[in-house]
Amino acid sequence: MKLNELKVTNPYLALDPECYDKVSPDPLKNPHLIHANKDVADTLNIDEDELRTENFVKLLNGEYQPEGSDTFSMCYAGHQFGYFVPRLGDGRAINIGTIDKFHLQLKGAGMTEYSRNGDGRAVLRSSIREYLMSEAMNSLGIPTTLCLGLIGSEHNVRREKVETGAIVCRVSTSWVRFGTFEYYASQGMFKELEALADYVIEESFPHHIGRNDPYTMLFNDVVVITARLMAQWMSVGFNHGVMNTDNMSIAGLTIDYGPYAFLDDFRHEHICNHTDVHGRYSYTNQPAVAKWNLQALMKAFSPLTTIEKMEKSLVMYDKIYLRYLHYYMCKKLGLEGTVEGDPELIDDMYDMLEILHVDYTLFMRTLSHYEGDRKALLASGLYQEPMNEWLDRYDERIKDIDKTERKKQMLAANPKYVLKNYMLQEAIDAAEKGDFSVVDNLFKIAKNPFDEHKEFERWAGATPGEFKNRKLSCSS
């Protein structure tokens, strides 16, 4: 399909106008294409040739609006670092329409009603980070929003210093957040709250249409998919950094990439957001914070169904999370089924990695090739005894498992590459000088993280010491 044939709908606008504000994009000055995602374009049925046209840049810059577009930003509330803020919203994101079930949104396209004191812009560095990481998470099999394309510009944007503006076109099957429900509930707009729940069911949970007690069923599903998402984050060593309720997807997606990080050396208490002075959103706290956020959502849902019914689901959250985590970690360790002692083996591996300051991704990938020779594994830690002790137990556990099948399973579960922050910073530094080749290379890695990519071998090792465990800001 050509871009001039593109038609979009706006199903969200059927909700109460209190839930959105119609606003037009404010285009950047002298925009230029940095990268386009062919697979996402294919999902949207956009011809690949169109990604190289001036019209594509105009689409991402908000200059060209497809037939049927009625641009708007969404309103929501949220608990930010545990404190309720009654009115937030898309301060720098503008929705341009829906193609089938996919909602297109421009991030960095100018001020909205919800910008507060902000300028509605996104800078090049944060846009590169979101563009690449959404693709990386998708390729790791983790539910996430996607990106269609990324443009830069000569538009000056002031942050700590003057930077250049950029826009990323985000694509998602849902942009509804826990905080969207909190907004209506806190305003006492219960009919509108019910309409929002019906919209979400139709959008993301159509199997509940026409069922008895659909709102309890909806909450039950959100508990399960949130627990699963947390298990997936934890299994790959991903730290989101800002798990406010307005950054939690009702559809169980990873959304709003800011000061995130993949672990360098394994640390339970790793904090990637320097604003998070108390470690509320540390790596190890993520499952518990997600449960806290579900409790906030339960309160918002209470006009729709009873707390007692929802508590029956929420009380199962910890067990659901641990089952998912155990499932993913057994895949990563090449274990068949479950035997007594497996949870302890996994927990003790984490402790061993932290004691020895071992790079998590490198260790798991190296373990995927393990057939008894410990040299490569032992070289990854500061000293050998704790790892030798753990490997003795691991050897005993896998002695009856077929080596070929175990290796195949582990190589499919343990990526060789994850996009660590030092890698992304390299892409940002080059891009700020007009060189987008590192963005291209990291996109190739993000697209196929389990492949060998011999030409990018330098990115498969442990993070260089001078770049380890750096914290970033919410504007990252």
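Coupling constants for region 362-378 follow from the phi torsions by the Karplus curve (6.51 cos²θ - 1.76 cosθ + 1.60, θ = phi - 60°), and in residue order they are 4, 4, 5, 5, 5, 5, 4, 9, 5, 9, x, 7, 8, 4, 5, 5, 5 Hz; glycine and proline get x.
Counting other beta carbons within 10 Å of each residue's own, what order do E432, E48 fall into, fewest first?
On the way: E432 15, E48 11.
Fewest-to-most Cβ neighbours within 10 Å comes out as E48, E432.
Under the convention that each Lys and Arg Cβ holds +1 and each Asp and Glu Cβ holds -1, the size of the dipole of region 3-172 around its Cα centre is about 740 debye. How charged is the neighbourhood of V162? Take every other residue with its Cβ under 14 Å from the Cβ of V162, and add Lys/Arg as +1 and Asp/Glu as -1. Overall, the nearby charge balance is +1. Rounded to the nearest 20, the size of the Cβ-charge dipole of the chain about its Cα centre is 460 debye, with Lys and Arg at +1 and Asp and Glu at -1. Helix 286-301 axis versus longest C-alpha principal axis of the chain: approximately 30°, rounded to the nearest ten. Here's how it looks for V85: its modeled amide H is under 5 Å from those of G78, H79, Q80, which are all 5 or more places away or on a different chain. Helix 421-431 and the longest principal axis of the C-alpha atoms of the chain enclose an angle of approximately 50°.
Averaging the sequence gap over all C-alpha pairs within less than 8 Å and six or more residues apart, then dividing by the number of residues, gives region 26-172 a relative contact order of 28 percent. Think of the chain as having a plus end and a minus end, set by charges on the Cβ of Lys, Arg, Asp and Glu; of G110, A77, V242, G110 sits farthest toward the positive end of this dipole. Note on region 3-172: lysine pairs with Cα distance below 29 Å, sequence gap of 8 or more or different chains, count 20. Compactness of region 1-133 was expressed as the Cα radius of gyration divided by 2.2 N^0.38 Å, which yields 1.09.
Going from the fewest other Cβ atoms within 10 Å to the most, the residues S69, S24 appear in the order S24, S69. For region 181-256, a Kirkwood radius taken over Cα pairs fed into Stokes-Einstein (25 °C, viscosity 0.890 mPa s) yields D = 179 µm²/s. Extent along the principal axes, Cα only, for region 230-312: 44, 23, 22 Å, with the longest axis given first. If you take the Cα centroid of region 1-57 and the Cα centroid of region 185-202, the two points sit 28 Å apart. When Y183, Y394 are sorted by how many other C-beta atoms sit within 10 angstrom of their C-beta, beginning with the fewest, the order is Y394, Y183. Summary value for the chain: 15 percent relative contact order, contacts being C-alpha pairs under 8 angstrom separated by 6+ residues. Shape analysis of the chain based on the Cα gyration tensor places the equivalent ellipsoid semi-axes at 37, 29, 20 Å, largest first. Couplings 3J(HN,Hα) of region 187-202, computed from phi: 8, x, 9, 6, 5, 5, 4, 5, 5, 5, 4, 5, 4, 5, 4, 5 Hz, in residue order, whole Hz [Karplus 6.51 cos²θ - 1.76 cosθ + 1.60, θ = phi - 60°; x for Gly and Pro].
Here, each number is a calculation from the coordinates, and none is a lab measurement. Note that the structure is predicted; figures quoted are calculated from it, not measured. Heads up, the Cβs are rebuilt from the backbone with ideal geometry, glycines too, and the neighbour counts pull from every protein chain shown.
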